[in-house]
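Taking it in order: structure first as structure tokens, then the write-up.
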Amino acid sequence: MSNSYLRKSLRVLVSGAGIGGPVLAYWLGKAGASVTLLERADRLRKEGQTVDINNEARTIVKWMGVEEAIRKVTTKEAGVKFVDSKNKIWAAFAQSNEGTSPTSEFEIVRGELANVFYEASKYKAEYIFGDSIASIQETETGVQVVFSSKTRQTREYDLIVVAEGLASRTRALAFDEDLRAPIHPLHMWVASFSFEQGESDDQWARMYNAINRRGLLIRPDGFGRVRANAMFIDESGTLQAIAGSRDQDKLKEHFINLFNGAGWETDRIMDGLREADDFYLQEVAQAKCKTWSKGRVVLVGDTAYCPSPLSGMGTTAAIVGSYVLAAKIIKHQHDHRTALTAYEATLRPWIEDIQKIFPGAPQIGLPETQWGIGILRTFLYVLSFVVKSGVFDVLSNIGAFGERFSSSGQKKLKLPDPSVFKRSS
Ligand SMILES: Cc1cc2nc3c(=O)[nH]c(=O)nc-3n(C[C@H](O)[C@H](O)[C@H](O)COP(=O)(O)OP(=O)(O)OC[C@H]3O[C@@H](n4cnc5c(N)ncnc54)[C@H](O)[C@@H]3O)c2cc1C
């Protein structure tokens, strides 16, 4: 059946131009929908550290024709070494696509990835920067939106997709709930920033643990800079209280004080933090929404089901979720209720699987005492030997072990066929 008329008239507003928003805009635009992408920041946000693209998301970037563009900007990280204050290596995990290393073939700085998706979608959607949704009103034929900017313009759409990340204001507005209602905190915070590479930096990432639940992870970015993560477990609520202030200087000072006397290369890393103009503070948490849509408003990516950076699957989930949502919207474009129900039914089991995090995480990875750090290093030392010996590959094919610890044990998702996006003439 030809559906070109309806496809032209389908009007979708996507709020948030991070990772999921532009992927969704690409696929909807490809099918002929009229897409507006609204981004609160006045430009594409380039902050953030290395993220990876796994599992089904690799197939989707191939279908989008951006695999080569992504490969060009990967960090080419060789692997991760766990070091002590004298830079002695306790464990090293070389790059692997089998789930035996934190480094995979597709490590990419988040801002570079956001840019690839922006470039791929910018002619398929109308991008509006520096604006956001002020109010939403469902009508009989669609949904009316008032924008926040001075013009307070009103527009009507068939659907609104919220892709605003973990702390989404539009989710709170549409679902009439507190901003933090679906957020499950893991009490870990990560300050990320970058600085020039020094003599001790190479293509390996290095992870260092310090007492009092502090950790520093420094990684190459493929462009001669070091991408640093200063990690901290805070169960007192102090960081939560000051994070909301958005006062960068205050937050920087807080982290510099937290890492005072941590040893290793901390001083040079904190100098980098002090000077950084790309400082970004991220709460490590999960989003677990009871339902992903309400009326004509639907949630995607971190807004709906943030798995947290601990899972290493946030970016993958946003890419896969956006693709599946776009396919369902196009397939059932006459009936948004069926489309949104099908989206959730298809994706939810897969999401629930990737949201499972290692028991005891994140505390187990950031011990309180030197004794705890010693146990962690010994465990990693043994694990790295098991991985190198190939025993892990054998074990990962064995039932329960494979399901728990290897990427091959993750639930597979059958992606909708991309032919659904072909425009009929
Ligand atoms: C600046 C930044 C840095 C990050 N750094 C890391 C990192 O180092 N490591 C990691 O694992 N994950 C990081 N993340 C999260 C990571 O991008 C996501 O986990 C994942 O890619 C899912 O993407 P998403 O599109 O759902 O959300 P995001 O990538 O978070 O994108 C959300 C977008 O929505 C915009 N937005 C927010 N509120 C509104 C609003 N009210 N109206 C309009 N637009 C709005 C934001 O500015 C952002 O551009 C970062 C996210 C951001 C925004």
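The values are calculated or read from the model by the stated rules, or taken from the named source; none is laboratory data. What you see is a predicted model, and the numbers here were worked out from it, not measured in a lab. In this analysis, Cβ positions are derived from the backbone assuming ideal geometry, glycine residues included, and neighbour counts consider all displayed protein chains. For the accessible areas, the whole protein counts, side chains as well, though only heavy atoms, and no ligand, DNA or RNA atoms are used. Shrake-Rupley method; radii C 1.70, N 1.55, O 1.52, S 1.80 Å.
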(1) under 26 Å from Asp52 (Cα atoms); (2) under 23 Å from the mean Cα position of the chain (by Cα); (3) not in a loop (DSSP other than H, G, I, E, B): which one isn't true of Leu239, the others all being true?
(1)
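Could you tell me whether Val12 is more than 14 Å from the ligand (Cβ to nearest atom) and not acidic (Asp, Glu)? Can you show your working first?
Numbers: more than 14 Å from the ligand (Cβ to nearest atom): yes; not acidic (Asp, Glu): yes.
So Val12 passes the test.
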Exactly one of Lys81, Lys46, Lys62 is part of a strand (DSSP E or B), of a type in the set (D, E, K, R) and surrounded by fewer than 23 Cβ atoms within 10 Å (Cβ to Cβ), and that one is Lys81
Return a yes/no flag: does region 279-293 have any residue that is within 16 Å of the ligand (Cβ to nearest atom), at pLDDT below 95, out of contact with any helix residue (DSSP H, G or I) (no Cβ under 7 Å at 6 or more places or on another chain) and among the acidic types (Asp, Glu).
no
Selected residue (only one of Glu196, Glu156, Glu138, Glu164 is in contact (Cβ under 8 Å) with a residue 24 or more places away in the chain, among the acidic types (Asp, Glu) and crowded, with 22+ Cβ neighbours inside 10 Å):
Glu164
Find all pairs meeting these conditions: Cβ atoms under 9 angstrom apart; at least six residues apart or on different chains; first residue within region 170-192 and closer than 25 Å to Phe279 by Cβ and open to solvent by less than 20 Å² (accessible area, probe 1.4 Å); second residue near the ligand (Cβ under 10 Å from one of its atoms) and of a type in the set (Gly, Ala, Ser).
Ile183/Ala167; Ile183/Ala287; Met188/Ser308; Ser192/Gly48
Mind listing just one residue for me: the one in region 221-237 that is open to solvent by 40 Å² or more (accessible area, probe 1.4 Å) and within 16 Å of the ligand (Cβ to nearest atom) and, of those, farthest from Glu368 (Cα to Cα)?
Phe223
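Among strands (runs of 3 or more DSSP E) lying entirely in region 97-189, which contain 3 or more residues that are more than 30 Å from Leu366 (Cβ to Cβ)?
126-129, 133-138, 143-147, 154-157, 159-162
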Under 6 Å by Cβ, and 6 or more places apart or on different chains, what pairs join a residue from region 16-32 that is assigned by TED's automatic domain parsing to the domain that holds Ile330 with one that is hydroxyl-bearing (Ser, Thr, Tyr) and surrounded by fewer than 24 Cβ atoms within 10 Å (Cβ to Cβ)?
Pro22/Tyr118
